[in-house]
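The values are calculated or read from the model by the stated rules, or taken from the named source; none is laboratory data. All of these numbers come straight from a predicted model, not from anything done at the bench. As a convention, Cβ positions derive from the backbone with ideal geometry for all residues, glycine included, and neighbour counts pool all protein chains shown. Protein only, heavy atoms only, side chains kept; ligands, DNA and RNA dropped before computing areas. Shrake-Rupley method; radii C 1.70, N 1.55, O 1.52, S 1.80 Å.
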Amino acid sequence: MKKVFKRVLLIVVMVTALIANGTNVKININENSKTISLNINNNDGDLKISIIDSKGIVLHSEKYQGPKFSKKFSFKNLPEGSYYFEVEGKTKVKVIPLTVSYKGVKLLESSKEVFFKPVIRRVEDKIFISKLNLGNDVLKIYLFDEKDNLLYRGELKDELNLSKTLNIKYLESGSYSIILKSNGKTFIEKFEK
């Protein structure tokens, strides 16, 4: 039990360090041309940068590796409405909402969101699941076998560090999937036993 506590404490310290050194996103807007310059100083691994409309349809998505990202995006051909940038790194997702109108593009600074992705780690016959919960997030956990039979379902909430340990010692040999749902996102981890 002492070892598990030390590991959880280590994870919390590491995540806190990532928060302090996290991905810095700077946005410049040229309202007349409906152009946005997105500049990212990245310390969060490989990035996935997406532009998504209010219905959840991904209009543009690209992956990027490296410490710095800079690109201009034109919104002049998009209809008026609500959109958002989503910058997804290894440990967190930043959501930056904006609106497009006939006047130009406007960032909704007060509606920016950052949420942390769940972390899955396997040590022998145990799977450790954790998520830093700075908001009021709920983490839903599902474990399926290769025939899509649900073997476990759980929900974590109301704590700063959401954590669960799954003992897979008695599972038969085969392929399994862990599906984690939080903040409207789904994360899938597959493993073999």
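List of remarks:
- Phi to ³J(HN,Hα) by Karplus 6.51 cos²θ - 1.76 cosθ + 1.60 over region 124-136, Hz, x for Gly, Pro: 6, 9, 10, 10, 9, 10, 8, 8, 6, 10, 7, x, 9
- 17 Å reach of a label modelled at S175, 7 Å along Cα-to-Cβ, counting backbone N of region 117-144: 143-144
- Dipole-positive endmost among I129, F144, P79 within region 70-193 (Cβ charges, Cα centre): P79
- Region 59-193 has equivalent-ellipsoid semi-axes of 37, 16, 14 Å, by the square roots of 5 times the alpha carbon gyration tensor eigenvalues, sorted largest first.
- Take region 109-184 with all the other protein chains still there, run a 1.4 Å probe, and you get 62 Å² of accessible area per residue.
- For region 75-182, the list of GluC sites (Glu not before Pro) that fall in a loop by DSSP and count at most 14 other C-beta atoms within 10 angstrom reads E80, E124, E146, E159, E172.
- Of interest is the spacing of the C-alpha centroids, which for region 73-101 and region 142-162 amounts to 30 Å.
- Candidate aspartates and glutamates for bridging to K90, where Cα separation is under 14 Å - those fewer than 8 sequence places away on the same chain excluded: D44, D46, E189
- For the residue pairs K48/K106; K55/K185; K63/K126; K112/K181; K106/K181, the alpha carbons lie more than 26 Å apart in K63/K126; K106/K181.
- Full extension of the chain segment joining N39 with L134 gains 31.7 nm, where the gain is 0.36 nm per residue of separation less the Cα-Cα distance.
- Region 161-193: chymotrypsin sites (Phe, Trp or Tyr not before Pro) in DSSP coil with no more than 13 other Cβ atoms inside 10 Å: Y170
- Dipole magnitude for region 114-193: computed about the Cα centre from +1 point charges on Lys and Arg Cβ and -1 point charges on Asp and Glu Cβ, it is near 180 debye.
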